[in-house]
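Beneath this line is the structure, given in structure tokens, with notes to follow.
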Amino acid sequence: MSQATATRYPLVLVPGMLGFIRLLFYPYWFGIVSALRRGGAVVFAVQVSPINSSEVRGEQLLARIEAILRETGAQKVNLFGHSQGSLTARYAAAKRPDWVASVTSVAGPNHGSELADYLQKNYPHDSAKGRVLSAVLRAVAWVMGVLETGYRGPKLPVDVHASHQSLTTEGVALFNQRYPQGLPDTWGGQGPEEVNGVRYYSWSGTLQPGKTDRGANLFDGTNRSCRLFARTFVREAGHCDGMVGRYSSHLGTVIGDEYPLDHFDIVNQSLGLVGKGADPVRLFVEHAQRLKAAGV
Ligand code: CA
């Protein structure tokens, strides 16, 4: 077996909102876990509350990290977070930097999501529309919980309002005041390479007409959703992946922020259907090689 991605510490993959490990046989990190393992990495895809605040999810992640450290005998882990998984990982690293060698944000709303802002404005949680949206999300989370086959553990609490607050520009600004590790000082800049011994990295994509809406994405409804969601963006209009803006995703060393990948493509969804010329799995493999070279 190749040892190209055999990092010193295990890789722990943290999903975003409505995340899962496996729905029946279908994995969240489609083709990614297997590619990393083929290169010799020890990989754990973990589950946290599919709908909840980044702090609640972060506490659940800390418990999971503690168990992984015990199980593997490793001293630290490398965290990868997709979407809200980035905020979840950042929380865990801020609380226990001694357990975390690196945090990698993959399309993370590190400065908030303009889609969440739009929903807050147009679907306030105490309005009729907001209550309907909340009921739909709870129902989706419930069905996904029934289909989840990768997670074995206590029932994870769901809190739609807290989840939403955790994703708006305003909510993430509050989160960032308490957990600023890895953030850039200026809008669009890079963050520090390392804080409290934890390395920080990020990458993200943008919708690129003629690329992201072509190829296999022609057959992927989630790409159409991203194009629809992208219309809610104002500050980063034309520079987002449908759910997260290009600059909002910046954390630590920015590996790239203009890959032709929508918010789902970036974790190889759905079923590896991505746009023309895109290779999201390669980004994970290359990054594991980068971590290995950095000695973590
Ligand atoms: Ca796709």
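Within the option set Ala288, Ala278, being within 13 Å of the ligand (Cβ to nearest atom), touching a Leu at 6+ places or on another chain (Cβ under 6 Å) and touching a residue at least 24 places away in the same chain (Cβ under 8 Å) holds for one residue only, Ala278.
The residues of the range 108-121 that are closer than 22 Å to Ile65 by Cβ and of a type in the set (Gly, Ala, Ser) amount to a single one, Gly108. Of all residues in the range 215-243, those being within 16 Å of the ligand (Cβ to nearest atom), more than 30 Å from Glu194 (Cα to Cα) and among the charged types (D, E, K, R) number 3.
Only a single criterion out of (1) polar (S, T, N, Q); (2) more than 16 Å from the ligand (Cβ to nearest atom); (3) crowded, with 24+ Cβ neighbours inside 10 Å is not satisfied by Thr212, namely (2).
Would you mind finding the one in Val281, Val254 that is farther than 25 Å from Pro184 by Cα and of a type in the set (Val, Ile, Thr)?
On the way: Val254 fails: farther than 25 Å from Pro184 by Cα.
From the options Val281, Val254, the qualifying one is Val281.
Return a yes/no flag: does the range 83-92 have any residue that is part of a strand (DSSP E or B) and touching a residue at least 60 places away in the same chain (Cβ under 8 Å). The answer is no; no qualifying residue exists. Hey, any hits in the range 263-272 for a residue that's over 15 Å from the mean Cα position of the chain (by Cα), aromatic (Phe, Trp, Tyr) and either farther than 26 Å from Ala116 by Cα or at pLDDT 95 or above (or both)? No, the range 263-272 has no match at all.
What number of residues within the range 244-275 satisfy the criterion of being within 13 Å of the ligand (Cβ to nearest atom) and among the aliphatic types (A, V, I, L, M)? Before you say what the answer is, go through the steps one by one.
Here is the first cut: in the range 244-275, the ones within 13 Å of the ligand (Cβ to nearest atom) are 259-275.
With among the aliphatic types (A, V, I, L, M) added as a condition, the list becomes 261, 266-267, 271, 273-274.
Counting residues in the range 244-275 that are within 13 Å of the ligand (Cβ to nearest atom) and among the aliphatic types (A, V, I, L, M) gives 6.
Quickly run through the range 167-182 and pick out the residues that are in a loop (DSSP other than H, G, I, E, B) and either polar (S, T, N, Q) or within 16 Å of the chain's Cα centre (by Cα) (or both).
Within the range 167-182, Leu167, Thr168, Gln181, Gly182 meet the criteria.
Among the residues making up the range 240-273, those that are surrounded by 18 or more Cβ atoms within 10 Å (Cβ to Cβ), part of a loop (DSSP other than H, G, I, E, B) and not aliphatic (A, V, I, L, M) are Asp241, Gly242, Arg246, His250, Gly252, Pro260, Asp262, His263, Phe264, Asn268, Gln269, Ser270.
The values are calculated or read from the model by the stated rules, or taken from the named source; none is laboratory data. Keep in mind the model is a prediction, meaning the values are calculated, not measured. For neighbour counting, all protein chains shown are included, and Cβ atoms are generated from backbone atoms with ideal geometry for every residue, glycine included.
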